[in-house]
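The values are calculated or read from the model by the stated rules, or taken from the named source; none is laboratory data. This is a predicted model, so every value here is computed, not measured. A quick note on method: Cβ atoms are made from the backbone with ideal geometry, for glycine too, and the neighbour counts reach across all protein chains shown.
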Amino acid sequence: MSKTTSKFDIRKIGLIFIIAILFTVFVFTSIDAVYPTPKYNDFCEERFIEKPVVYKDRADCKEIKGPSETETKACTDKKGQIAYEYDEFNCPKSYSCETCQNEYDTAREEHSFVVFIISAIFALIAIIIAFYLPTSSRLNEWIGTGFLLGGLLTLFFGTIMVFGDLHRFVKPPIILAELILVIFLAYKKIKK
């Protein structure tokens, strides 16, 4: 079989996959450059004991009054937890309500959702480019297929990033919409 009549062309497959992967990487690195992922250390500071720890028997520690039931409930209502601060002898010296983990989780969830929305927009743009790119040459067809695959990969990875943070009633409609989109694209491309 000659190279011109063969359905399998390694150049075509290579170009399609390279465009798809580079497009997907471009989208997520661009989003991260403009809208970076929240860092844990920006919300919760690490506490270091300046002196080496010398352990005392707990019975030798000065007794501190722990949080009351009201303080504990108020902290729990803020989605926090009571955290103790220790001295150099590993004795508790004070306590506070730490909500930094909740603040970090909230910021991370919001970030994931924004990344999902932006990546979905980029994915749809790539899919539109794939359909409206003139197919006057085989090269344009390969490039269009690369953008189509890149758009689908971008949509897939964006969904994976936010999926765990979505409400259980939101997950099925998003997956159904993406499934319908893939089936629609398959019919449109195969018809051509």
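Any residue at all in segment 18-33 that's farther than 22 Å from Phe147 by Cβ and modelled with pLDDT of 85 or more? Within segment 18-33 (the criterion being farther than 22 Å from Phe147 by Cβ and modelled with pLDDT of 85 or more), the answer is no, since none of the residues qualifies. Number of residues in segment 162-175 that are surrounded by fewer than 17 Cβ atoms within 10 Å (Cβ to Cβ), among the hydrophobic types (A, V, I, L, M, F, W, C) and assigned to a helix (DSSP H, G or I): the value is 3.
Within the set Lys79, Lys73, Lys65, the sole residue that is out of contact with any strand residue (DSSP E or B) (no Cβ under 8 Å at 6 or more places or on another chain), at pLDDT below 80 and farther than 30 Å from Leu152 by Cβ turns out to be Lys65. Within segment 118-151, the set of residues being under 19 Å from the mean Cα position of the chain (by Cα) and either touching a residue at least 40 places away in the same chain (Cβ under 8 Å) or not assigned by TED's automatic domain parsing to the domain that holds Phe17 (or both) comprises Ile118, Ser119, Phe122, Ala123, Gly150, Gly151.
Residues that are out of contact with any helix residue (DSSP H, G or I) (no Cβ under 9 Å at 6 or more places or on another chain) and not hydrophobic (A, V, I, L, M, F, W, C): does segment 170-183 have at least one? Explain how you work it out, then say what you get.
Start the filter on segment 170-183 by keeping residues that are out of contact with any helix residue (DSSP H, G or I) (no Cβ under 9 Å at 6 or more places or on another chain), which leaves 170, 172-173, 176-177, 179-180, 183.
Keeping just the survivors that are not hydrophobic (A, V, I, L, M, F, W, C) gives 172-173.
Yes - at least one qualifying residue is present in segment 170-183.
Exactly one residue among Ala107, Ala123, Ala130, Ala83 is touching an Asp or Glu at 6+ places or on another chain (Cβ under 6 Å) and surrounded by 15 or more Cβ atoms within 10 Å (Cβ to Cβ), and that residue is Ala83.
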